[in-house]
């Protein structure tokens, strides 16, 4: 039994299209598949910083009793792409909603 590989231009184009579609689907689906960590917030909300608030005080107010406030501060910094914990009145922060 002989297996003959057909390699016409039309077959090459179909293979290229199939590979491109698979790569595009992988790029769209993979980040979502790995994004939800255990214990990570399932939803987010926007919070406007009031006068006198700190990142710690905001984290304290949204952190469930069974979680560490330090973890929430780290999550806030990551979600808002912050290098430091400095915030100002009127800043808008993306905050996690813990279920």
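Each reported figure results from applying straightforward, stated rules to the coordinates on display, with no laboratory input. As the structure is a computational prediction, the values presented were derived from the model and not from experiment.
Taken along its principal axes, the alpha carbon cloud of segment 43-97 reaches lengths of 29, 21, 20 Å, longest axis first. The helix-based estimate of mean residue ellipticity at 222 nm for the chain, built from -39,500 (n - 2.57) per DSSP H run of four or more residues and divided by its residue count, is -15500 deg cm²/dmol to the nearest 500.
Hey, how much of the P(r) for the chain falls beyond 21 Å, as a percent of Cα pairs? Counting pairs separated by more than 21 Å, the tail of P(r) holds 54 percent.
Against the chain, whose longest principal axis comes from its Cα atoms, helix 69-79 is set at around 50 degrees.
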